[in-house]
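J.: Below are the structure tokens for one structure; questions will follow.
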Amino acid sequence: MKNLSQTKNVHKGNISRALYRFTKSPLSLIGLSLVLMMVFIAIFAPFIAPYPEDAKNAVHFKDMFQPPSLKHPFGTDEVGRDVLSRVIFGSRISLMLGVIVLSIAVLIGVPLGLLAGYFGGIVETIIMRLTDIFLSIPSLVLALAVSAALGPNLRNSMIAISFSWWPWYARLAYGETLKIKEEEFVEADESLGVSRIYIALREILPNMTSSLIVKVSLDLGYAILTGASLGFLGLGAQPPTPEWGTLISLGRTHLPGMWWLSTFPGLAIFVTVLGFNLLGDGLRDFFDVEVE
Amino acid sequence: MNDLILRAEGIYKYFFDSHYGKKTVIKAVNGVDVGVRRRETLAIVGESGSGKTTLGKVLMRIYEPTEGKIWFEGNEISTVNGSKLKAYRKYMQMVFQDPTSSLNPRKRIFDIISLPLKAHFNMSKRERLQRVRELLNKVDLPEDFIYRYPNALSGGQKQRVGIARALALNPKLIVLDEPTSALDVSVQAKILTLLTQLKEQFDLTYIFISHDLSVVKNISDKIVVMYLGYIMESASTEEIFNNPYHPYTKALLSAIPTVTDEERKIIPEEITLQGDIPSPSHIPQGCPFYSRCQERMDICKIKRPRILQIKEGHYVRCFLYDRNGGK
């Protein structure tokens, strides 16, 4: 077993070394810049988008189906809305979806995994078998089913994706807890008379934060991708919400002629997912942890 | 009898493991009786796998014994739980083998040492700071270590922090689980000296677990030699070194490196133990030590010897000294 304090920790002394390693890896830096760029675009969307009103229900029939031009760099759609503006506003939806889905997944999964790993016995059996059941269903299929049952809209698609996502965090937290539990300081705390809840939350949990951060950053891209898939299949955000998956789905009927309708939202998804993946890989080296 | 601070009778500790439906029982401790007098140091000695650490953790009630009873100052603690057990934690503390693993790498030294204070007393942060400084002084560490992380400390320093943490609650008894085995030889001596000083200063009682008789020689009053969860021999330190009876004890003694002639007089001729200690999940039917014993007899394979007092305070589990035991 690896010793926690040798591998897992980025403390004052090691932080500059880890930072150096991070900055020496061009891919991590590219990932970080892509993510920062998307976050920036999402925050300042109303100021960046050339036609902010096009993100909603605006209609300009005289401009419909225009190919990319200086006036509309990504072209216009079937009612004349600027695709660039819609893609820019779409970044808000996708990032929000990713953050909310993963927050729910972490908030449900981590406490369950911690509980199962630390307390063991019947608690462990119930929680982990439940987790196994969830993991045995392909997550997209599960999300589709939940979303269809709840009624397709953005909020329900987030609930649906979280529903299929938390078991991964339960499993991660469970595995980490089993590993950390073997460290002597947990036994030391027990022999000192420290309560088990305190040990679980204040002694074990902090030792898995780096693994969690890495997993979350890697998963953000996938969560966004899943959200877009639901949108594409008509079970996520509904038009006129400028969600990327929904945009691709709407543009699909006009392919290949009006290629810009689907291509640019697709590129936006590609860039965002790539950014999170590269960043996640970089963070994994930074924290020097193994996730799965 | 009444100055025994800790007494344990008939301690068994089994671990049950089920792997792919195949159940195994690991018999780590098999019917051990021990008693420690106040202000005494009892050493528990044996190879790895002899159950000595498990015994220490059972006595500390980190593990619950499968069977047997433990008394601390006359009160039975073998089955207490919850707040009652927590009350006893104040009097009994443990120092762990691996100083790195026994300190949470995410916590500063202050948080580590003050955790027991936080768990047991309603002390303000200022009072705790004061107390932690005091404790660091006691273990000869500079006060400004309180804001460091364990990573910034050497092995010896970490072990001193572990000792400071064990002292925080003013315990009466400390179980030392191979406190020096992970340290360099030069550091080992310093830690042992510190432990001796602290014992004087705070009237402590020690249970010192070690695989190395030479470490134990100068610090312990009484030695218990364990093998596969059984006590093979127990006597005063002097007796064990001058009059060892059990072939296993002799083998352990012969493994101590000698330098001077005087030392060579005490240490018996070299006996090399063949093979490894058997697995505690498959303890041999007869004498646990049969497979490696130099002086084994036929009976040792069939029957398990009993532990017998052959002198005042000297107990041995061996048929060589128990001719009637086989009948």
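J.: Which condition breaks for A:S191 when tested against (1) within 30 Å of A:A223 (Cα to Cα); (2) in contact with a strand residue (DSSP E or B) (Cβ under 7 Å, 6 or more places away or on another chain)?
T.: Every condition holds for A:S191 apart from (1).
J.: Can you list the strands (runs of 3 or more DSSP E) lying wholly within segment B:179-256 that have 2 or more residues being over 28 Å from B:E295 (Cβ atoms)?
T.: B:205-210
J.: Are any of the residues in segment A:211-232 assigned to a loop (DSSP other than H, G, I, E, B), more than 12 Å from chain B (Cβ to nearest Cβ) and more than 16 Å from the chain's Cα centre (by Cα)?
T.: no
J.: Among the listed residues B:Q201, B:Q159, B:Q130, identify the single one that is modelled with pLDDT of 90 or more, under 28 Å from B:V58 (Cα atoms) and open to solvent by 30 Å² or more (accessible area, probe 1.4 Å).
T.: After applying the criteria, what remains is B:Q201.
J.: Only one of (1) within 14 Å of another protein chain (Cβ to nearest Cβ); (2) closer than 16 Å to B:Q93 by Cβ; (3) assigned to a helix (DSSP H, G or I) is not met by B:N170, so which one is it?
T.: Just one mismatch for B:N170, condition (3).
J.: Which of the residues that make up segment A:250-274 are within 21 Å of the chain's Cα centre (by Cα) and crowded, with 20+ Cβ neighbours inside 10 Å?
T.: Matches in segment A:250-274: A:F264, A:P265, A:A268, A:I269, A:T272, A:V273.
J.: As an exercise: evaluate B:H211 against (1) free of Cβ contacts under 8 Å to residues at least 60 places away in the same chain; (2) open to solvent by 20 Å² or more (accessible area, probe 1.4 Å) and give the number of the one condition it does not meet.
T.: (1)
J.: Would you check which residues across segment A:169-198 are open to solvent by less than 50 Å² (accessible area, probe 1.4 Å) and more than 10 Å from chain B (Cβ to nearest Cβ) and list them?
T.: Once the filter is applied, which keeps residues that are open to solvent by less than 50 Å² (accessible area, probe 1.4 Å) and more than 10 Å from chain B (Cβ to nearest Cβ), segment A:169-198 yields A:Y169, A:A170, A:L172, A:A173, A:Y174, A:G175, A:E176, A:T177.
J.: A further question follows. Taking segment B:107-126 as the region of interest, how many residues are crowded, with 24+ Cβ neighbours inside 10 Å and either within 7 Å of chain A (Cβ to nearest Cβ) or in contact with a His (Cβ under 7 Å, 6 or more places away or on another chain) (or both)?
T.: Residues meeting the conditions: 2.
J.: Give the residue, chosen from B:V139, B:V216, B:V185, that is away from every other protein chain (no Cβ under 14 Å), of a type in the set (V, I, T) and open to solvent by 50 Å² or more (accessible area, probe 1.4 Å).
T.: B:V185
J.: If you don't mind, another one. Considering only segment A:253-275, how many residues are in a helix (DSSP H, G or I) and in contact with a Phe, Trp or Tyr (Cβ under 8 Å, 6 or more places away or on another chain)?
T.: Going through segment A:253-275 one residue at a time, the tally reaches 7.
J.: Next up: Would you say A:M128 is away from every other protein chain (no Cβ under 14 Å), under 16 Å from A:L230 (Cβ atoms) and assigned to a helix (DSSP H, G or I)?
T.: Here the answer is no, as A:M128 does not meet what is asked.
J.: Looking only at segment A:245-290, how many residues end up being among the charged types (D, E, K, R) and either touching a strand residue (DSSP E or B) at 6+ places or on another chain (Cβ under 7 Å) or within 21 Å of A:I93 (Cβ to Cβ) (or both)?
T.: Qualifying residue count, segment A:245-290: 1.
J.: Please find, among B:A43, B:A28, the residue that is within 18 Å of B:L228 (Cα to Cα), at pLDDT 95 or above and within 16 Å of the chain's Cα centre (by Cα).
T.: B:A43
The values are calculated or read from the model by the stated rules, or taken from the named source; none is laboratory data. Keep in mind that this is a model prediction, so the values were computed, not measured. Cβ atoms come from the backbone with ideal geometry, glycine included; neighbour counts cover every protein chain shown. Side chains included, ligands, DNA and RNA excluded: accessible areas come from the protein's heavy atoms. Shrake-Rupley method; radii C 1.70, N 1.55, O 1.52, S 1.80 Å.
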